[in-house]
Structure formats: C-alpha cells, structure tokens
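Trainee: Provided herewith is a single structure, encoded as structure tokens, for subsequent inquiry.
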Amino acid sequence: MICVCSSTVRMFNMEAGMMRRNKLIMIAIAAVIPLAIAPILAGASTISSNAAKSPTVIHVVEHAITDTVQQFHPPNNSLGDVLGFHNPVYNAADTKQVATDNGYCIRTVATGKTEWECTWTTLLPGGNLTVEGPYYDDGTDTTLTITGGTGNYTGAEGAMLLHARGNPVGSEYDFIFTFSKDPR
C-alpha cells in the first residue's frame, strides 16, 4: 500500500500542477485578447464615423472666355483637334472670382455627338486640383476623375461633375468637386 500511496500523491501533485499551469495560460490569453482586438475595434469605429460624414464638396463656376480650338482640317471637326484654355473661376454664387483654371482637350470623336478627352488644373486658394475625363460639345453633363491635388488638396480622390450653363449655354460651367477621400 505504501507504494500505491506514493504514486497516488505524485499523480495528484502532477494533476494539480497541470491545473495551475492551465489556469495561468487561460489568464494570459484573457489578458492578451483585449489588447489584440482593441486596434481592430478602434479602426472599425473610425471607419463608421468617417462613413457617416457627408463628403466634402467644392462648387465653383468657370467662365469659358479663352477657349481656343486648333483644328487640323478647318472648318471640319477632326480627330486630334486641340482645345486649350485658361479661364477665370468664380464662387458658386458666380459673384466673385476665386480661382483660375488651365488645361486642354483632345477631340476623340469628330462626328455625331462630338467628344473630347480633357485634362486641367483648377488653381484654388490653398492648392490645386487636377481632373481628367470626357467633355461633350453639346453640353451633356459629364463626370471627370480627380487625379490629384496640391496644398490643402494633397491626396484628394473623387470626381468632378461638369455642368454646362450660362447664356448661351456653354459659356459657363459648374465644376462640382466631390471628394471620396477628404484631403483635409
């Protein structure tokens, strides 16, 4: 019986040690899990609060007074014709000049609904925004991609709605910049 007792005591001590070790492991895991999950939860709350914000929008009005077309085969429209411009840009109420723009377009469709592919920079207070995309001679609204910015607009992403207006239509254009990634 003595032999059995000593084995029983040793077995009991091993089981107690294993239970103690398991408890320590469980406590360590319980302490580490919140530390691992905290950054994920913080990021999720940041994402949802940003998603809840409405996007930043800048609305200005271009006065198309310097637009000049260089035609390859005057007086006909031709693939590759170039439209250059450097125009004053006004506030959304169209009462005060707040900026200028500078750019060019290349005619990509010369018959039917004529189309241009354009790139320009709007030089705003605090920085510049550059866009690229389509423009139609008939004044159809188009959406251009914001391809970059400087100053306050560094890292800008989003789109710009181009809307013909004025008297005659097309003598002025709404530039409505909507940022999908707020540059500020």
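Any read-out appearing in this document is the output of simple, stated calculations on the displayed coordinates, not a laboratory observation. On a predicted model such as this, the values are computed, not experimentally measured, just so you know. We place every Cβ from the backbone using ideal geometry, glycine too, and count neighbours over all the protein chains shown.
Trainee: Sticking with the crude label model, points 7 Å out along Cα→Cβ, report the distance from residue 53 to residue 71 in nm, one decimal please.
Mentor: Taking the simple label geometry, residue 53 and residue 71 are separated by 4.9 nm.
Trainee: In nm, to one decimal, how far is the modelled label at residue 136 from the one at residue 119, with both set 7 Å along Cα→Cβ?
Mentor: Output for this residue pair reads 2.5 nm.
Trainee: Another one. By how many nm would the segment from residue 97 to residue 180 grow when fully extended, if each residue of separation counts as 0.36 nm and the alpha-carbon distance is taken off?
Mentor: Taking residue 97 through residue 180 to full extension adds about 27.3 nm, to one decimal.
Trainee: Quick check on the exposure proxy: order 137, 182 from fewest to most C-beta atoms within 10 angstrom.
Mentor: Ordered from fewest to most neighbouring Cβ atoms within 10 Å, 137, 182 come out as 182, 137.
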